[in-house]
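What follows is a set of notes on a single structure, which appears directly below.
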Amino acid sequence: MTLVFQTLLLSSGGCGEGTTFLSRKRCGQALTGNNGTLKSPNYPYNYPNNARCVWTITTDPDTRVMLTFSYFQLEYGYDCAYDFLVIRDGSDPTSNVLQRLCGSSTPETIVSTGNVMFIEFQTNYRRIYKGFQAQWYSREVCGSALSGNNGTFQSPNYPNNYPNNVYCEWTIRTDVGTKVQLTFSAFELHNSYYCSSSIDSVTIRDGSNSTAGLIGRLCGSGYSDSIVTSGNSLYILFTSDNSFSLSGFQGQWSINQGRKLSQTNYKHNTLLLEVQGTIRNCFIIENNYHNLTFSFDLTRM
Ligand SMILES: [Ca+2]
């Protein structure tokens, strides 16, 4: 008799006499479209031992896949070595890992850089939990990289209503040693009690990309206070969900002039300030072997 396993674990390295096999429960599927739901096997009941599920999500070209968890509880292990969920940025098991997840804290929303996401759920031989439930969405890409002394950016279609299902990223970069100041001249998004990046919201980060420190996440309307970065870059993300839109926003950015220190301020490790004042904060912008570049917050005299 010949036994054929679709997926299996070998108890030892070989395949000779005396090798024992463990069949794995197969699950998962190839998903396409604009949105859907992913669940661990048996959810909301406990997942089985020795499971391996693989999903691929493919959305339209020029979109990204966004994955948001509504429930998450797996066995916890160091390096997620026991039961785990791996999210990859592409179509196969060798694509870059976006997240490797286990334990019981609900993950942040995960977004691919392209239109395909590869998801693998694997469990070991003992300890089972309820698993996970997640929603996935297609998000249209928009936004741009901005640099210079000042400028504006706005939600798509502004001042008309923004489209549903967008994912717009702007990065703003000014000269080294300066800061970016941002003010919204208009701000009108669908309000929500939970202001998250899976609904209509603007996320602002203190740096050049999506992993930089969070300054704030805005939903609803009426933001007029200026935001000033600690360095010379600012990251803004605007997302909209699949229902209800308003006029959106217009942002104005500029160099924060009062706090600029130019290269001519440096002389043999002595700082000669163009403006006189009291130092409130000090940030190290660059730390090379020969040069240390600082940025100061000044209260002008
Ligand atoms: Ca387990």
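Bear in mind these aren't lab numbers, they're just calculated from the coordinates by the rules spelled out. Computed from a prediction, not measured in an experiment: that's the story for all the values here. Here the Cβ positions follow ideal geometry from the backbone for every residue, glycine too, while neighbour counts run over all protein chains shown.
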Are any of the residues in the stretch 168-179 within 16 Å of the ligand (Cβ to nearest atom) and either under 23 Å from the mean Cα position of the chain (by Cα) or farther than 23 Å from residue 97 by Cα (or both)?
no
Take residue 121 and decide whether it is closer than 17 Å to residue 30 by Cβ, within 16 Å of the ligand (Cβ to nearest atom) and crowded, with 18+ Cβ neighbours inside 10 Å.
yes
